[in-house]
1. Give me the percent of accessible area attributable to carbon and sulfur for segment 118-306, probe 1.4 angstrom.
2. For Cys300, Cys463, give the ranking by accessible area with the largest first, probe 1.4 Å.
3. As a quick test, which of the pairs Lys806/Lys844; Lys682/Lys805; Lys557/Lys806 have an alpha carbon distance above 29 angstrom in this structure?
4. Can you list the lysines whose alpha carbon is less than 17 Å from that of Lys56, not counting same-chain residues fewer than 8 positions off?
5. For His120, what accessible surface area do you get with a 1.4 Å probe? Give it in Å², rounded to 10.
6. Taking R0 as 22 Å, what FRET efficiency do you get between Asp110 and Ala52 from their Cβ-Cβ distance, rounded to the nearest 0.05?
7. At a Cα cut-off below 12 Å, give the aspartates and glutamates reachable from Lys272, other chains included and same-chain residues fewer than 8 away excluded.
8. For His362 and Asp690, compute 0.36 nm times the residue count separating them, minus their Cα-Cα distance, and round to one decimal in nm.
Amino acid sequence: MAMRRILSFLKQSLSPPQPSVSPEALRNAFKRRYEHFRGLLTANNNALQAMADLEKIYYSGESYRMAAIHSKITTILVNVYKMVRNLLEMSDGKYAELQQKLEKISSDLDEIIEKHPPCHEGPFILPLTEVNLGARNLVGDKMARLGDIAPLSAILVPQGFVVTASATRHFLTSRHIDEINRKLQMLDPDDLDQFYKTCAEMQKIVTDSPLPPDLEELLHVHYRRLEQATHPGCLVALRSSALGEDSTGVSFAGLYRTALNVDGEKLCRAYKKIIASKYGPKATSYRRKRGYRHLDIEMCVGCMVMVDALVSGVTYSMDPSAEKSTAIRINAASGIARGVVDGTTATDLFLISREKPFPLVHKELRQGLSTSANQEAMTVSLTDAQLRKLAETALLLENHFGEPQDIEWSFDRQGRLFILQSRPIPPHKTQEKQEAPAPGYPREIGEPPFLVGGICASDGYACGEIFRVDSPEELRKFPQGAVLVLHHPSPEWAPLLGRASAVIAENGTEAGHLATIAREFGIPALFSLPRAMSTLENGQVITVDSGGRAIYRGSRKDLLRKQRVRKDIMAGSPVQRILTMAMQHITPLNLNDPAASHFKSSWCETLHDITRFCHEKSVSEMFNFGQEHHFDKGSAKQLIGEAALEWWVIDLADGFRKGLDEKTTTVRIEDIVSLPMLAIWKGISAFPWDGPPPISARGFGSIILQSAMRPDLDPTVPSGLTTKNYFLISENFCNLSVRLGYHYAMIETYMSDLLTESYVTFRFKGGAADLRRKAVRAKLLADILQKFDFRVELHSDALLARVKKKPRTYLEQRLQILGYLTLHARQLDMIMDQPQAVEQYREKFLADIKLMLSRNSTATFEKSGHE
């Protein structure tokens, strides 16, 4: 450390003197530096705000789109680039390495954001017998799961084939994709009219395009093979099997098209409609809500022979409505399963024990409830043997896939059980649970519910205004946060789940597709509630307790307090993964301490690091302005009036009042319009200086010693350093260099309406006494400044104090304090070996400052009131 100081002293001593700079050149230099400084601070503010927005998006738990991420990251990059360029201009290229660091981070971000999912190539069509989970990236999860269980001896899966993702890419060329992408970029999810119109246009691009002849021929070849294996003219079902569909927690339930009873003539047309359903409003809305980009989803299509179904339904190997289920849940209805999953058919409910011999725990016969009040008189949809078969199959599939399953099935007229689909049940969302009350029995003491009953399709509490939807026109008018009320909970209404606070339907069950999506989104859903559409009126505020199967008037805060925090529906999505990786290059801050040895441009690893480094160094460059520019002292104007010492002012820009004669050599305080200088002057002139304290013989000896060592600082010898103290000012900037005897003080400040641009810095060093007493005085000043929220750095007798990012009034008061201390701390170091004197001056300074601030606050208030 000592060698460093010696080398620094020699460097300063041996360096040739810098030529003085004219006032005009000084103003121009300051103006250029200040413009770069302000540009850097503005860019810093914009970059940090965009970073905060990005973090808010990430941690909000709400859905977000890739376009929003791309926009925020672009904003950050542009502004960080501006910061680097401005700092390089301010420092004459001193920190050139920053540019390389920024380019490296920008390149890494481009790679993360622009990376496309890998494309897996393979045959255009695969028989279902050749499909398993290993082919999921080619055939989609739905068909991969069916192919994987088809070889199991106890499982029957309809015969069929899969049209793969390779076939879709062969069909939809880059021309189609580019045209669709243009329309996707124009989509406004808040404008439902435009949203539905654009989705229809994208679907039309697909359905109007002819299939490549080779793919069309292959479709017919594989269909004829199914005819040969079954019977001529066999009817098939075409079902979507998009990549990612039916994966854990992301079901896409009922959002893509399914075509039933398709013959050979309609096969190609049905295939194109299913591919086009990727761009339908249901799927597009869901995809955006769940964090999937258009390019993350590729459509595959499964083609299977229709089952001549006697009874169909959905089985949950573990009841999704219970946190710790010991039952298998079965919903069943006569005929095919479509009515069960689209919410248009009432179903029988069976709860079966998961333990052999699978006894029936509970049943509700719901089919035909509107025509018969006698459940015993109803026809039961499933026999005991069929219930056991379903239970055995459910546990077999759960064991095969290693997690609870949501299974779609049909019994044909020969009594054979066919599995049509098996997908994971989303993890249960915990919340406060209570014993399920009987319908009409309120969970809380208070006004009873006015509507009770129904089926809990998704548990939870919510409040909002009722909005009934029964047509596409009403759908397009649905407001954010309303309670959606329906006749049937069809997947057609799925785009509204991103807006609705809850869903109520007169029909439907917990097995329907809309119920599945509601559970994924964590939205309370109450289905099969009698007379819901006729009883509930638009605009009426209600509280929904779907778990208690009750509707209350108004907002029931006692119930709403039990609302669970909604699950992060973006969790694990491609868009969230991209943002997670991108944020590692953006928001972490590794450069925290400007005094640390690693606070260097070479240590900048993130965009946040670069902003921190640029901001800190830009302030330093502004602080160093007065030291770097040796101005012509003859150009300064002397401040006259009731000034105890000599004060000189150099106007950098707009610091003097308009109309002041430029040739005048003197100015009065009334001629000054620099707000920070006026604030400092209030502190300097608040109390007259009492003069130097009585000096002991030892103190006098110190003065003689210092004067002998530094004759240029002898206060008895006139010199430019001891007789003149300089203000460099503009309207909002001030640099005050004070040389009072043996100590040096500097105040520099910029005051702006933008908090990020505002700062005050104070440097104080030296004195005539020995180092120990000088250090005690510096410590006294540091203690006082800390009481007024200055950030202080103290090294022996060298004091640095700062305040940043505070309002103008706050900074004006701190400048008054600095003005006061700059004057009244003169020569105090001579008595700083007396603890009593230290405490005496501490009390005096604090009392004077308190009185000064109170006076000025009152004066400001009275002036404001008078005006």
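1. 52 percent
2. Solvent-accessible surface, decreasing: Cys463, Cys300.
3. The pairs that break the limit, which is 29 Å between Cα atoms, are Lys557/Lys806.
4. Leaving aside lysines fewer than 8 places away in the same chain, those within reach of Lys56 are Lys72, Lys289, Lys567.
5. About 80 Å², ignoring ligands and nucleic acids.
6. 0.45
7. Once the sequence-local aspartates and glutamates are set aside, what remains near Lys272 is Asp208, Glu216.
8. Working it through step by step, the gained length comes to 108.6 nm.
The values are calculated or read from the model by the stated rules, or taken from the named source; none is laboratory data. Here the structure is a predicted model, which means the values were calculated and not measured. Glycine gets a Cβ as well: all are built from the backbone with ideal geometry, and neighbour counts include every protein chain shown. In case anyone asks, the SASA skips ligands and DNA or RNA and just uses the protein heavy atoms, side chains included. Shrake-Rupley method; radii C 1.70, N 1.55, O 1.52, S 1.80 Å.
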